[in-house]
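Contents: one structure, followed by commentary.
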């Protein structure tokens with residue numbers, strides 16, 4: 001699938017991807033800023049900006065006006081804040097493409113930032129943070145992030161803290177927008193039933209006055225040895241266990257090898273963790289592994305929810321599977337299944353116009369090459385069992401091994417001995 005890249009006179013990057021067999025249009029607007037750009041005192045400001053852009057703009061002055069404009073014609077609009085990017089997206093039937101573009105342009109370039117709405121949205125975000133702390137699984141994830149990326153914005157929750165959100169002012173939001181919201185730090189990626197030249201002309205007319213912004217790079221991260229087992233007491237029916245290791249960066253040559261290794265370890269019902277922890281030993285209902293790739297680091301994580309009385313046996317079983325991944329070669333058949341799993345998932349995903357727009361837009365906004373689906377598949381096909389073991393040996397190291405447990409445990413050092421079991 002080919003895409004057309006256009007750089008407007010103001011530096012705005014536009015990607016158009018015609019998909020002739022659909023009748024929808026998906027628009028993704030990526031802004032190159034996220035939570036890792038924030039110092040501690042501003043933690044949560046990017047997430048709060050994302051919320052406030054839905055509270056009213058010059059032509060659509062209320063949150064209801066914004067939502068009704070899209071939902072009233074059968075479309076979907078939403079946004080999300082990440083560690084390195086913020087995404088605003090709309091999916092709409094093709095005849096309404098221009099309405100969606102007009103609305104996004106007004107939201108991004110002419111938000112009202114009403115002081116009363118800002119005060120209300122601060123309270124809403126604090127309730128969102130409260131909800132995360134009430135969820136033991138979310139709390140375990142937040143804790144392991146802090147252990148894997150200690151003393152760094154990457155280790156904080158994207159929403160910030162209750163204290164930091166209370167301290168953010170409307171002027172701070174506007175200052176961040178002046179710093180980051182505008183070309184060349186924005187990519188608009190549009191996929192679907194479009195005519196590229198017509199879409200380009202619409203985007204140029206709507207966004208040509210968006211002024212350039214200076215931006216800056218985020219605080220870098222350098223993986224340093226850190227190993228810790230942290231217990232957070234919560235009176236829950238389950239123990240929520242997370243294990244974490246610093247992973248690979250987004251442009252690391254072995255990132256596709258790690259993707260395959262993660263599939264074998266814990267992605268899906270055929271994975272080793274699922275088969276061993278759930279199917280064979282019945283220690284958990286939910287168990288999986290996951291990966292993330294960032295600018296200069298990444299993460300390999302494992303999660304399991306288990307009966308508190310079986311937390312130790314579950315940890316022993318998980319660590320045993322990690323040692324197998326690191327110390328023993330995988331079979332050729334296992335690797336073939338992992339390749340087919342990822343190829344199939346990727347091809348199915350790319351039948352969705354939103355996924356297509358996101359695929360190219362996310363790669364374009366971040367440093368590094370833009371890969372087609374076929375190029376990613378070729379990279380995965382080239383991986384060997386030796387590659388899997390080599391990457392697992394590099395990632396699964398005892399001096400980067402961290403454990404977070406949320407559950408009804410009073411002893412803070414209860415799981416400390418497992419750090420030496422890897």
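The values are calculated or read from the model by the stated rules, or taken from the named source; none is laboratory data. Since we're looking at a predicted model, the values are computed, not measured. Every residue, glycine as well, gets a Cβ built from its backbone with ideal geometry; the counts of neighbours run over all protein chains shown.
Kindly indicate whether residue 108 is within 30 Å of residue 191 (Cα to Cα) and either surrounded by 20 or more Cβ atoms within 10 Å (Cβ to Cβ) or not assigned by TED's automatic domain parsing to the domain that holds residue 27 (or both). Before you say what the answer is, go through the steps one by one.
Values: within 30 Å of residue 191 (Cα to Cα): yes; either surrounded by 20 or more Cβ atoms within 10 Å (Cβ to Cβ) or not assigned by TED's automatic domain parsing to the domain that holds residue 27 (or both): yes.
The answer is yes for residue 108.
Do we find a residue being surrounded by fewer than 18 Cβ atoms within 10 Å (Cβ to Cβ), touching a residue at least 40 places away in the same chain (Cβ under 8 Å) and within 24 Å of residue 3 (Cβ to Cβ) anywhere in segment 382-405?
For segment 382-405, residues surrounded by fewer than 18 Cβ atoms within 10 Å (Cβ to Cβ), touching a residue at least 40 places away in the same chain (Cβ under 8 Å) and within 24 Å of residue 3 (Cβ to Cβ): absent.
Does any residue of segment 236-250 turn out to be under 20 Å from the mean Cα position of the chain (by Cα), outside any strand (DSSP E or B) and surrounded by fewer than 23 Cβ atoms within 10 Å (Cβ to Cβ)?
So in segment 236-250, the residues under 20 Å from the mean Cα position of the chain (by Cα) come out as 242-250.
Next, from what is left, pick out any that are outside any strand (DSSP E or B): 247-248, 250.
Subsequent filtering for residues that are surrounded by fewer than 23 Cβ atoms within 10 Å (Cβ to Cβ) retains 250.
Yes, because at least one residue in segment 236-250 is under 20 Å from the mean Cα position of the chain (by Cα), outside any strand (DSSP E or B) and surrounded by fewer than 23 Cβ atoms within 10 Å (Cβ to Cβ).
Need the failing condition index for residue 188 against (1) crowded, with 19+ Cβ neighbours inside 10 Å; (2) touching a helix residue (DSSP H, G or I) at 6+ places or on another chain (Cβ under 9 Å); (3) in contact (Cβ under 8 Å) with a residue 24 or more places away in the chain; (4) part of a helix (DSSP H, G or I), just the number.
That leaves (4) as the condition not met.
One residue is enough: does segment 125-141 have a residue meeting the conditions under 30 Å from residue 68 (Cα atoms), touching a residue at least 40 places away in the same chain (Cβ under 8 Å) and over 19 Å from the mean Cα position of the chain (by Cα)?
Yes; the residues of segment 125-141 include at least one that is under 30 Å from residue 68 (Cα atoms), touching a residue at least 40 places away in the same chain (Cβ under 8 Å) and over 19 Å from the mean Cα position of the chain (by Cα).
Checking residue 366 against (1) modelled with pLDDT under 95; (2) more than 28 Å from the chain's Cα centre (by Cα): exactly one of these is not met. Which one?
(2)
Which number in (1) closer than 16 Å to residue 106 by Cβ; (2) touching a residue at least 24 places away in the same chain (Cβ under 8 Å) marks the one condition that residue 44 misses?
Condition not satisfied by residue 44: (1).
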